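This report refers to the structure that appears directly beneath it.
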Amino acid sequence: MKNKMTINLSVIDGAEQSMTSGVTAAEAVKALCSNKLRKKVVAVKTSHGLLDLSATLCEDTVIEPITIDSPQGLEILRHSTAHVMALAVIELFGEGVQVTIGPAIADGFYYDFDKETAFSADDLEKIEAKMQEIISANLPFVRREVTRGEAASLFKSKGQKYKLELLDSIDEAETVSLYEQGGFVDLCRGPHLPHSGWIKAFKLIKLAGAYWRGDEKNAMLQRIYGTSFPDNKALRRYLNLLEEAKKRDHRRLGKDLELFTISDQVGPGLFLWQPKGARIRRQIEDFWKDEHYRHDYELLYTPQIAKRDLWQTSGHLDFYVDDMFSPMDVDEVSYQIKPMNCPFHIAIYKSRKRSYREFPIRWCELGTVYRYERTGALHGLMRVRGFTQDDAHIFTLPSQLEQEIFNILDLNMNILKAFGFTEYEVYLSTRPEKSVGSDENWEKSTEALKLALEKKGMNFEIDPGEGVFYGPKIDIKIKDVLGRAWQCSTIQVDFNLPERFGISYTGEDGHGHQPIMIHRALMGSLERFFGVLIEHYAGAFPLWLAPVQARILNISDAQLAYSEHLYLTLKKAGVRVEKDLRNEKLNYKIRQAQLSKLPYMIIIGDKEVENNTLTVRLKDGKNLPPMPVEDFIDLIHREGCVPVID
């Protein structure tokens with residue numbers, strides 16, 4: 001071991017200094033970083049990964065300081081805040097509370113507890129107060145490494161059975177790390193903040209239930225969600241965002257605007273589209289179909305069930321059976337309600353011989369599928385059991401693969417843009433541990449996806465091991481007006497299904513060859529996409545999507561006949577119009593229309609009847625000058641036209 005060592009701080013131009021072996025990361029940061037920078041550093045990154053500031057450095061090391069406001073720093077802050085919350089719970093409710101896991105998550109953290117009585121909203125306030133005491137005490141986070149046996153003895157003495165279960169999955173010869181703070185010890189990889197005083201702004205958000213390890217056969221735990229930020233300004237901004245998200249919640253707006261409903265009699269995760277929601281769905285579907293025809297796709301329709309043997313051949317019974325509904329017997333033959341559309345499209349492909357001259361073959365379907373989602377995972381329109389995929393399958397020659405992926409990306413981006421989405425997160429998901437197919441085919445398909453993304457000039461991240469069992473994929477998450485990312489689009493390359501079903505085409509050489517299959521969904525599912533649209537627009541849809549474009553409001557019964565005639569005229573002209581001719585005050589009817597988030601209100605009084613005109617009131621309260629009926633129809637057709645994409 002060297003007596004002296006050189007530590008190079010990569011973010012400072014050429015800064016390096018010789019220091020004694022065994023120096024702490026905190027001492028290295030103090031020597032190498034500016035005073036302004038080191039006030040924000042909570043950990044360091046080296047070739048050995050992320051380290052606490054208390055870690056010792058015993059070899060030549062290049063260190064990268066991790067500041068509290070960086071993505072990794074925020075994760076450390078939130079993970080440490082979760083530990084403070086666990087300590088507060090133990091101090092308030094005693095050692096009898098079972099502590100399970102408490103990770104940092106996007107925008108916050110949670111901790112799961114097994115406690116005999118339920119936490120209440122008042123308890124959250126008490127926990128927050130106790131956390132503040134712990135923070136004010138500047139308690140250090142102390143790391144120590146022990147054998148698995150020593151850790152097991154410790155947690156056994158504390159009666160923490162869930163920690164013992166976690167230790168059972170660790171090899172007996174491994175060393176494990178513990179973090180201690182006050183009277184709380186946790187099994188944890190770290191790193192953590194130097195001490196609790198680094199926590200400046202936090203908030204406990206909500207209570208929820210969660211099964212241990214996500215398995216509904218296990219105990220139901222109590223989960224406390226919270227968040228933490230480097231300063232109060234950032235925390236307030238986030239809490240305001242949460243309040244805005246509540247106002248936009250598609251479950252509430254879907255009910256208030258009568259877009260969809262759920263019924264206990266029908267079953268969880270199965271949504272019923274009400275007339276207004278169905279109007280929007282029709283607009284989406286018609287636009288989608290027209291664009292696919294324009295881009296040289298053909299539309300297919302396939303059944304809701306098929307013989308179970310089909311899913312055996314496809315491999316779904318081997319890799320996907322836990323997400324499928326139970327089979328049914330018909331005439332002593334086992335049938336399966338479909339979880340996917342792809343085997344049906346392959347059956348159509350096999351209906352006759354194919355030639356290389358036909359390629360690429362592009363088929364699309366708005367196909368309704370059914371997948372088993374556990375009750376606890378269901379969430380409004382975002383996680384359901386029955387949904388319609390905007391599915392497509394493209395059969396290509398190997399020489400066409402990269403260009404076809406590029407074409408799909410082009411269509412994908414343009415369709416999303418038409419709905420108002422212009423910001424994305426893009427991921428290239430690679431081979432999972434449980435998969436089928438040769439290494440060569442996986443490498444070819446992954447490279448084709450990568451090259452298409454690069455050709456399109458799209459920034460993307462590699463998501464290791466998150467591909468589907470038959471091939472790699474591109475996942476595109478759209479960002480809504482609040483900056484939240486939602487999984488929608490996916491593009492998947494598949495050599496496996498063509499091989500399993502034995503499909504082929506006659507090549508230029510006169511011999512049979514296996515095509516490559518691309519699976520593709522642009523909106524993902526209509527249900528989830530609709531939920532995202534509701535929240536993105538807060539229910540105030542653009543004119544071309546609005547289920548009701550205008551509502552006629554009469555001032556008194558004297559205008560009833562004219563209003564009825566106007567209603568029929570607008571309907572015949574293709575305007576999506578409603579009428580509110582109740583004997584109510586105009587201001588009340590205007591308020592009701594505003595709550596319905598209508599683009600236009602048509603006010604009819606005596607002057608409008610006399611002049612054969614109408615007065616248009618906008619949703620912001622402004623009135624347009626009186627206009628002839630024909631001019632309003634032109635306005636609707638002009639401003640409410642379906643977007644045209646390249």
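List of remarks:
- Computed over the Cα atoms of the range 226-324, the ratio of the radius of gyration to the Kirkwood radius (Rg/Rh) comes to 1.14.
- The range 241-394 gives an Rg/Rh value of 1.02, both radii derived from C-alpha positions and Rh following Kirkwood.
- Temperature 4 °C, viscosity 1.567 mPa s: under these conditions the Stokes-Einstein estimate for the range 517-646, based on its Kirkwood radius over C-alpha pairs, is 81 µm² per second.
- Rolling a 1.4 Å probe across the protein heavy atoms gives the chain an accessible surface of 48 Å² per residue.
- Contact order relative to length of the range 439-553, as percent, for alpha carbon pairs under 8 angstrom and 6 or more apart: 19
- Pairs exceeding 24 Å between alpha-carbon atoms, taken from Lys203/Lys233; Lys255/Lys619; Lys45/Lys156: Lys45/Lys156.
- Considering all different alpha carbon pairs of the range 364-448, the Kirkwood hydrodynamic radius works out to 16.2 Å.
- Cα long-axis angle, helix 526-537 against the chain (0 to 90 degrees, to the nearest 10): 90
- Under 21 Å from Lys607, Cα to Cα: lysines that are on another chain or at least 8 residues apart: Lys579, Lys585, Lys589, Lys622
- In the range 341-446, the portion of solvent-accessible area held by carbon and sulfur atoms comes to 45 percent [1.4 Å probe, whole percent, DNA, RNA and ligands not counted].
- Ordered from longest to shortest, the equivalent ellipsoid semi-axes for the chain are 50, 37, 26 Å, each the square root of 5 times a Cα gyration tensor eigenvalue.
- Comparing the range 596-646 with the 2.2 N^0.38 Å rule of thumb, its C-alpha radius of gyration ratio is 1.31 (two decimals).
- Intensity falloff of the range 425-535 expressed as log10 I(q)/I(0), Debye formula with alpha-carbon point scatterers, at q = 0.10, 0.13, 0.16 Å⁻¹: -0.36, -0.57, -0.80
- In a DSSP loop and with at most 10 other Cβ atoms within 10 Å, the GluC sites (Glu not before Pro) in the range 449-539 are Glu508.
- Radius of gyration (Cα atoms) of the range 394-435, expressed as a multiple of 2.2 N^0.38 Å: 1.51.
- Relative contact order (%) - criterion: Cα under 8 Å, at least six apart; region: the range 70-224: 28
- On the range 498-583, 50 percent of the accessible area sits on carbon and sulfur atoms, based on a 1.4 Å probe.
- Spatially proximal aspartates and glutamates relative to Lys479 (Cα-Cα < 20 Å; intrachain offsets below 8 disregarded): Asp107, Glu243, Glu244, Asp249, Asp390, Asp410, Glu423, Glu425, Glu461, Asp463, Glu527, Glu535
- Helix 275-294 and the longest principal axis of the Cα set of the chain meet at an angle near 90°.
- Whole-angstrom gap from the range 170-214 to the range 477-544, using each part's C-alpha centre: 38
- Dimensions of the range 157-256 based on its C-alpha atoms, expressed as ranges along the principal axes with the largest first, amount to 56, 39, 21 Å.
- Fraction of accessible area attributable to carbon and sulfur, the range 108-238 (%, probe 1.4 Å): 47
The values are calculated or read from the model by the stated rules, or taken from the named source; none is laboratory data. These figures come from a predicted structure and were not determined experimentally. Here Cβ is always computed from backbone atoms with ideal geometry, including for glycine, and neighbour counts include all displayed protein chains. The protein model used for the area step is the full one, side chains on, heavy atoms only, and it has no ligands, DNA or RNA in it. Shrake-Rupley method; radii C 1.70, N 1.55, O 1.52, S 1.80 Å.
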